[in-house]
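Have a look at the structure below before the remarks.
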Amino acid sequence: MKKDFKQLAIIGPTASGKSDLAINIAQKIDAYILSIDSLSIYKEINIVSAKPSKEELAKVKHFGIDEIYPNEHFSADTFINLYKKVKQICEHDAKNLVIVGGTSFYLKSLTEGLSKLPNITQEIQKTATKELQNLQKVYDKLLSIDAKYMQKISPSDRYRIEKAYLIFLASQMSPSQWFEKNPPLSIIENIDIFNIEITRDILRQRIQQRTQKMLEIGLIDEVCRLESKYTRSPNAMGAIGIVEVLEYLDGKVTKEMMLSNISTHTAQLAKRQQTFNKTQFKDVISAPLENLEKIIINNR
């Protein structure tokens, strides 16, 4: 077992070069990689997610990639369990850990933690499942019980409505009351976080180049296969890159407009990611990509 187990996180907007940097760092500090990317987690979503190639994945052992199928649900709770498993593997194999990805909410869930849930029996789950057949009725009931909490949840967000309702049924408290009495406990108390700085113009250019490359290596065929196998209902099918291709396949837009829409929506996502990374983490070390590797190595 590695007594001096070390871990670090690399964050940054999509298309900023995180994956390559993480592989370089992992090779130099004898580490495994845990991906925190909300699309790379899915099997079969390869081009849309821009996940590392098979050759890149072969350089360093990766976790958090190809873990579940597109019709399976994944959440911060699931990710926390995955992290705990990966940490045990790293310690057993005497490896360090590099956490990397664009879905920084998962990193935040590790540093700040999630509140525990009440004991949900099979009987409670059965009751909730039956009543959730009328999703709007359950949403309205929760809204009357805890308006402040439910205003953050869309009336169509079945997963979060079910979670809130299960908390209510199992605890006989409103979700707000439950979370107030059961504050979150952090999973990681100390971790160095490194953020890739990149200008909007350069990022926009890289996004456009990546979108064009995605088209060339089979983006449309991949989306066709996904739709044929999983339909359009899973949450994963609402991802940027999939929605725009489906619009093209429906004849709503031209191929050129499809590419433009993917680039525009990806750039908007990148802007949200940059804002999140800037406001949600403390003591982050930020630097341009070309300088960050040296800074990380010197910081160990």
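The values are calculated or read from the model by the stated rules, or taken from the named source; none is laboratory data. The structure displayed is predicted, hence computed values, not measured ones. Positions of Cβ are generated from backbone atoms using ideal geometry, with glycine treated the same way; all protein chains shown enter the neighbour counts.
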Discussion item. Where the second residue is in a loop (DSSP other than H, G, I, E, B) and hydroxyl-bearing (Ser, Thr, Tyr) and the first is over 15 Å from ARG206 (Cα atoms) and lies in the range 269-292, which pairs have Cβ atoms under 7 Å and are six or more apart or on separate chains?
Written reply: GLN273/THR14
Practice prompt. Could you tell me which of the residues LEU259, LEU292 is in contact with a helix residue (DSSP H, G or I) (Cβ under 7 Å, 6 or more places away or on another chain), over 17 Å from GLY241 (Cα atoms), assigned by TED's automatic domain parsing to the domain that holds LYS28 and assigned to a helix (DSSP H, G or I)?
Written response: LEU292
Worksheet item: Can you pull out the residues in the range 61-73 that are closer than 20 Å to LEU226 by Cβ, of a type outside the set (Val, Ile, Thr) and surrounded by fewer than 19 Cβ atoms within 10 Å (Cβ to Cβ)?
Response: ASP66, GLU67, TYR69, ASN71, GLU72, HIS73
Worksheet entry | Flag if LYS271 is of a type in the set (D, E, K, R) and in a loop (DSSP other than H, G, I, E, B) | no
Worksheet item: Within the bounds of the range 124-146, is there any residue that is in contact (Cβ under 8 Å) with a residue 60 or more places away in the chain and farther than 30 Å from LYS229 by Cβ?
Response: no
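Can you tell me how many residues in the range 84-127 are of a type in the set (Asp, Glu) and surrounded by 14 or more Cβ atoms within 10 Å (Cβ to Cβ)?
2
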Practice prompt. Assess whether THR266 counts as being under 25 Å from HIS73 (Cβ atoms), hydroxyl-bearing (Ser, Thr, Tyr) and in a helix (DSSP H, G or I).
Written response: yes
Item to complete: Taking ILE167 as the residue in question, decide whether it is touching a residue at least 40 places away in the same chain (Cβ under 8 Å) and either within 21 Å of ILE11 (Cα to Cα) or in a loop (DSSP other than H, G, I, E, B) (or both).
Response: no
